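Encoded as structure tokens, the structure appears first; notes follow it.
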Amino acid sequence: MPDFDEAGAAGAPLARDPGSKTAHLDACLTPAVDYRKSAGFERWDFVNQALPELALDDIELSTSLCGKELRAPLMIAPMTGGVERAHQLNLRLAQAAQRYGLAMGVGSQRVALEDAARAPFFQVRSVAPDILLFANFGAAQLAHGWGVDHARRAVDMIEADALFLHFNPIQEAAQGGDVDFRGLSTRVRELCAAMRDRGVPVFAREVGFGISADAARALVDAGVSGIDCAGAGGTSWAKVEAVCAKSERRRRMGAAFGEWGIATADAIRAVRSVSERIPLVATGGIRSGIDVAKALALGADLAAMAKPFLIAANEGEQVLATFIEDVLDELRISMFGIGASDLDALRRTPHLRDVSHSALLPAR
Ligand SMILES: Cc1cc2nc3c(=O)[nH]c(=O)nc-3n(C[C@H](O)[C@H](O)[C@H](O)COP(=O)(O)O)c2cc1C
């Protein structure tokens, strides 16, 4: 049974909606899917530098990943595709990514790999010719015989620069999906080697339960080109499955695991402790430019958001543009406040401290 694509979706006539894609979109527009626990960024504070010796306007946000230039260390996390409504959202998001020089991923392309008629609903290159774009499908499919052919088709389908392979055992188990993850390391190794020969980087990602140090070690050993540690504290995919469940038992199971997962701030540090060099994206509960700054100072190369971009894009092009500009301004001002003139300086900053043990005064 498929990951982000509901059983029975494949091969359904296009006039019929595959169901899970729009059900997930609707669920994710509500607070019912949010973790109660935090992504952990409030446990870290920047130490204010009153004499930054910088002009705010001179702060440089540009970076590069997978050989592509980005104007800011920000990514629109993989969400959707495959149906008309999802396509319209992806086009709006991709247009914004092109305008602001951001990276972007599309949602799981499984439906389109099984039903070619759905492929156009993932395509965004017409409005975003220059962005760093990630294809996407579930690693669990590798246990069912998927491999380099599917990966190549996913990448070609959307003219992607790289591939996200998502690992989501808890989501699968909560929804009664693919739960046989045996032998995956070997298959990931084979896929990474074959895609490396074709010049396509393969990044492993969680979907919001976090990558631990042990998992990161196994993935680095298997030869992934990068990791998105996608941790807990933002959208809970167990809660999404609970909201979208078709049976009371599945709803209970999703709800039971609603708070499962490694907080994103901890997942960043866990992955970085395994490899100083592996390109690292941080997703999960990133909600402001200050969170982006903290994620980078904790070891990430890029920060990504899903739900906040979904909400803004759903409101319209102008709301999305304002949201992105606010996030970038917050990032720039955070860097100003610690005297970091560029992202290298932010990543090496000595001005981040653990404040887990200091208490905030209760709100009055
Ligand atoms: C509507 C929606 C659909 C998603 N679909 C996918 C998907 O198909 N593949 C994937 O790897 N992640 C998917 N995700 C997970 C996000 O990429 C992200 O890891 C997660 O939502 C946590 O980020 P957030 O707290 O910023 O929402 C989806 C997220 C949303 C909101």
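The values are calculated or read from the model by the stated rules, or taken from the named source; none is laboratory data. What you see is a predicted model, and the numbers here were worked out from it, not measured in a lab. In this analysis, Cβ positions are derived from the backbone assuming ideal geometry, glycine residues included, and neighbour counts consider all displayed protein chains. Surface areas here come from the heavy atoms of the whole protein model, side chains and all, with no ligands, DNA or RNA. Shrake-Rupley method; radii C 1.70, N 1.55, O 1.52, S 1.80 Å.
What the table shows:
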read-out	value
Region 234-254 residues that are without any contact (Cβ under 8 Å) to a residue 12 or more places away in the chain, paired with ones that are surrounded by fewer than 20 Cβ atoms within 10 Å (Cβ to Cβ) (beta carbon under 7 Å, 6 or more apart)	R251/A245
Considering residues of region 93-105 that are buried (at least 21 other Cβ atoms within 10 Å of the Cβ) and part of a helix (DSSP H, G or I) only, the residue nearest to the ligand (Cβ to nearest atom)	L93
Residue within region 141-156 that is crowded, with 24+ Cβ neighbours inside 10 Å, assigned to a helix (DSSP H, G or I) and at negative phi present	yes
Residues that are in contact with a Ser or Thr (Cβ under 7 Å, 6 or more places away or on another chain), part of a loop (DSSP other than H, G, I, E, B) and surrounded by 16 or more Cβ atoms within 10 Å (Cβ to Cβ), drawn from region 49-86	L54, I59, P73, A77, V83
Residue among G316, G289 that is of a type outside the set (D, E, K, R), away from the ligand (no atom under 16 Å from the Cβ) and closer than 22 Å to A94 by Cβ	G316
Which numbered condition A135 fails, given (1) in contact with a Phe, Trp or Tyr (Cβ under 8 Å, 6 or more places away or on another chain); (2) open to solvent by 30 Å² or more (accessible area, probe 1.4 Å)	(2)
Close pairs (8 angstrom Cβ cut-off, 6 or more residues apart or separate chains): closer than 20 Å to S20 by Cβ and open to solvent by 10 Å² or more (accessible area, probe 1.4 Å) in region 161-189, outside any strand (DSSP E or B) and of a type in the set (K, R) anywhere	Q175/R250; G176/R250
Test: residue in region 230-242 that is more than 15 Å from the ligand (Cβ to nearest atom) and either at pLDDT 95 or above or closer than 24 Å to S334 by Cβ (or both)	no
Criterion (of a type in the set (A, V, I, L, M) and either closer than 16 Å to K37 by Cβ or within 14 Å of the ligand (Cβ to nearest atom) (or both)) met by exactly one of A218, A194, A282	A282
Selection from region 15-43 of residues that are closer than 20 Å to P78 by Cα, in a helix (DSSP H, G or I) and open to solvent by less than 40 Å² (accessible area, probe 1.4 Å)	S20, K21, T22, A23, H24, L25, A27, C28, V33
Listing of helices (runs of 4 or more DSSP H) fully contained in region 260-343 that carry 3 or more residues being buried (at least 24 other Cβ atoms within 10 Å of the Cβ)	264-274, 289-297, 317-337
Whichever residue in region 203-223 is of a type in the set (A, V, I, L, M, F, W, C) and within 14 Å of the chain's Cα centre (by Cα) and, among such residues, is nearest to L133 (Cα to Cα)	F203
Matching residues in region 344-364 - criterion: being within 19 Å of D57 (Cα to Cα) and either open to solvent by less than 50 Å² (accessible area, probe 1.4 Å) or modelled with pLDDT under 95 (or both)	A345, L346
Matching residues, region 236-257, being small (G, A, S), surrounded by fewer than 24 Cβ atoms within 10 Å (Cβ to Cβ) and part of a loop (DSSP other than H, G, I, E, B)	A245, S247
Given (1) open to solvent by less than 10 Å² (accessible area, probe 1.4 Å); (2) more than 10 Å from the ligand (Cβ to nearest atom); (3) in contact with a Ser or Thr (Cβ under 8 Å, 6 or more places away or on another chain), index of the condition F46 fails	(1)
Flag if E159 is under 23 Å from M253 (Cα atoms) and either within 16 Å of the ligand (Cβ to nearest atom) or at pLDDT 95 or above (or both)	no
